[in-house]
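For reference, the structure discussed in these notes is given below.
The values are calculated or read from the model by the stated rules, or taken from the named source; none is laboratory data. Just so we're clear, the structure is a prediction, and the values are computed from it rather than from any experiment. So basically every Cβ, Gly included, is an ideal-geometry build from the backbone, and we count neighbours across all protein chains shown. Just the protein is used for accessible areas: all its heavy atoms, side chains included, with ligands, DNA and RNA removed. Shrake-Rupley method; radii C 1.70, N 1.55, O 1.52, S 1.80 Å.
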Amino acid sequence: QGRGSGMEERLQKILSAAGVCSRRKAEAYLRAGRVKVNGLAAGIGDKADPERDRIEVDGAVLSTPSGHTYLMLHKPRGYITTLSDERGRPTAAQLVADCPARVWPVGRLDMDSEGLLLFTNDGILTHTMTHPSHRVEKEYQVRVSGDLEQALPLLRRPMVVDGENMTADWVEQMAPDWLTVVIHQGKNRQVRRMCAAGGLSVLRLKRVREGSLRLGDLQVGRWRMLTNQEIYWLKSEILQDL
């Protein structure tokens, strides 16, 4: 059913992202005729655009996410990822102080690291994303010094660092001293520790992607609200296995 214009998603994914039910339960809802799109009964495999289409479950209209606030910050180096600091160091929270809602950071970026940092006041999303089983990919651009030719084969294999098993999903050399590294484990300072174990020194580390969310051209120190589409993507990725 050709609805929308490129932002369509399967209804099971939309319902789970909106917190209505799991994807498996959504299939049962669709089979039972409990879901309508623009007044017409929807079936399994049907798609819709959550921004443009009127989606109903048992007669109740599915609203776009509005109860919580979600934003991304381009965190500069030199800021710590806490709400306050007893030592008076600058915090990432200070950079989003003009947000109308009280929000907190999801996960962390080291003081010396920069790039994409999510903030929200959605406790369920925060808990799920920071849980060890959370497997959404994170992509980093890493400037290094050292013998890359020797380090790359090591970084591409599982390694044990300080007694912890660590694996990168993808490691590619993008320039003479720049790597792109993709991980999903999210161990503390994982990229830095893996690089050190490979004989490299990290000169700069920037997170450019988390799941489907991309930092894009957001300027250093600035923040912006996520779009409804980005929120649906984010929740779909986080909640897809529930």
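Remark: the chain projects, on average over all directions, an area of 15.1 nm² (convex hull of Cα atoms). Stretching Asn228 away from Glu172 to a fully extended chain increases their span by 17.0 nm, per 0.36 nm per residue minus the current alpha-carbon distance. Given their separation in residues at 0.36 nm each and the Cα-Cα distance between them, Glu56 and Arg204 gain 48.5 nm when the chain is fully extended. The stretch between Leu71 and Arg102, if pulled fully straight at 0.36 nm per residue, gains 10.0 nm over its current Cα-Cα span. Cα centroids of the stretch 102-161 and the stretch 173-219: 7 Å apart. Note: the stretch 105-226, Cα convex hull, 110 Å³ per residue.
With a Förster radius of 45 Å applied to the C-beta separation of Ala41 and Asp217, the computed FRET efficiency comes to 0.60. Comparing Val103, Val161, Val37 in a Gaussian network model of the chain, where Cα atoms under 10 Å apart are tied by springs, the biggest mean-square fluctuation is seen for Val161.
Contact order, relative form, for the chain: 22 percent (alpha carbon pairs under 8 Å, 6 or more residues apart, mean separation divided by residue count). Using a Förster distance of 35 Å, how high is the FRET efficiency between Arg31 and Glu86, based on the Cβ-Cβ distance and rounded to 0.05? E between Arg31 and Glu86, to the nearest 0.05, is 0.05.
Give the residue from Leu118, Ser201, Gln141 lying farthest towards the positive end of the charge dipole for the stretch 112-208; charges sit on Cβ (+1 for Lys and Arg, -1 for Asp and Glu) and the dipole is referred to the Cα centre. With unit charges placed on the Cβ atoms, the residue in question is Leu118. Of the listed residues Leu117, Leu62, the order by accessible area with a 1.4 Å probe, largest first, is Leu62, Leu117.
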